[in-house]
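Below is one structure, written out as structure tokens; comments come after it.
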Amino acid sequence: MTEKSERAESAERAERTKKVRAGRSAKSTKAAAAGTADGARLAEYRRKRDFTRTAEPSGGARKAAGKLAYVIQKHAASHLHFDLRLELDGVMKSWAVPKGPSLDPSVKRLAMEVEDHPIEYNKFEGTIPQGEYGGGTVMVWDRGSYTYGGSDEVDPVEGLRRGYAKGDFKFELRGKRLHGSWVLVRTRRGDPKRAQWLLIKHRDEAAEPGSDVVEEYQTSVATGRTMDEITAGRRPRSVRSGAKS
Ligand code: MN
């Protein structure tokens, strides 16, 4: 290769990099503009992340009204935990549950409230680079929809809003793996900005005293992969919904 063509090639490469960078910042500007309605709600989520480095979504996409989304992601960050997310008013209310959910109604699981996440986050499965916020592997452990779980005759979404505000959030899960009636109860302990709640299964047909559901399901409900396979970037396998292994 002549010196001249080498120089031309490196100029071309620099130009390509510039275009990719410009594309990325245009994307994040667009996301920020789209996010004006929910901008305040997702501000903390966005502040913590560098979307040029992580594949997590920046948020702002609109979703048609309909069922409220539910997801649990298993997240091997500095400490393994399960992120429970429940859609309310255009964002995913989110709790980090160190030990994950339990189907045993006598078990109360600590759930630390974290920043609201964008609804698109529900599809995120992969690896957040080390050194970035939440660095580590994320698995979609369960997903589906949910409804208000209170017995009073209030509008269901209003019931959820009130329950959340009161710290007595009753809901009914319709996931692939988790079902039935649950409650999140806010406790007095902890920083009010990082409220602590307890996640408790109500007694109903979906309750399983003595079971360990987190141990039973070791694969992604979306791609059938184990945590190690997600980390290694293995291809998704076909998933039998709710299959145990
Ligand atoms: Mn997490």
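Structure data summary
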| quantity | calculated |
| --- | --- |
| Tally of residues being under 17 Å from Met139 (Cβ atoms) and over 13 Å from the mean Cα position of the chain (by Cα) across region 94-108 | 4 |
| Residue count for region 94-103, restricted to those that are in a strand (DSSP E or B) and small (Gly, Ala, Ser) | 2 |
| Positions within region 120-177 being surrounded by 20 or more Cβ atoms within 10 Å (Cβ to Cβ), among the aliphatic types (A, V, I, L, M) and more than 16 Å from the ligand (Cβ to nearest atom), in sequence order | Leu160, Leu173 |
| Every residue from region 68-83 that is within 11 Å of the ligand (Cβ to nearest atom) and not hydrophobic (A, V, I, L, M, F, W, C) | Gln73, Lys74, His75, Ser78, His79, His81, Asp83 |
| Near pairs, Cβ below 6 angstrom, 6+ apart or cross-chain, from region 112-123 (in contact (Cβ under 8 Å) with a residue 40 or more places away in the chain and outside any helix (DSSP H, G or I)) to any residue that is within 13 Å of the ligand (Cβ to nearest atom) and aliphatic (A, V, I, L, M) | Met112/Ala96; Val114/Ala96; His117/Met92 |
| Residues of region 57-78 satisfying the condition of being over 20 Å from Gly175 (Cβ atoms) and at pLDDT below 95 | Pro57, Ser58, Gly59, Gly60, Ala61, Arg62, Ala64, Ala65, Ser78 |
| Single unsatisfied condition, Ser106 versus (1) assigned to a loop (DSSP other than H, G, I, E, B); (2) within 15 Å of the ligand (Cβ to nearest atom); (3) at pLDDT 95 or above; (4) over 25 Å from Pro156 (Cα atoms) | (2) |
| Residues located in region 139-156, provided they are on the phi < 0 side of the Ramachandran plot and touching a strand residue (DSSP E or B) at 6+ places or on another chain (Cβ under 7 Å) | Met139, Val140, Trp141, Asp142, Arg143, Ser145, Tyr146, Thr147, Tyr148, Gly149, Gly150, Pro156 |
| Strands (runs of 3 or more DSSP E) wholly inside region 130-209 containing at least 2 residues that are in contact with a helix residue (DSSP H, G or I) (Cβ under 7 Å, 6 or more places away or on another chain) | 136-148, 168-175 |
| Failed condition for Arg203, given (1) modelled with pLDDT of 95 or more; (2) in contact with a strand residue (DSSP E or B) (Cβ under 6 Å, 6 or more places away or on another chain); (3) among the charged types (D, E, K, R); (4) surrounded by fewer than 16 Cβ atoms within 10 Å (Cβ to Cβ) | (2) |
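The values are calculated or read from the model by the stated rules, or taken from the named source; none is laboratory data. Because the structure is predicted, anything quoted here is derived from the model rather than measured. A quick note on method: Cβ atoms are made from the backbone with ideal geometry, for glycine too, and the neighbour counts reach across all protein chains shown.
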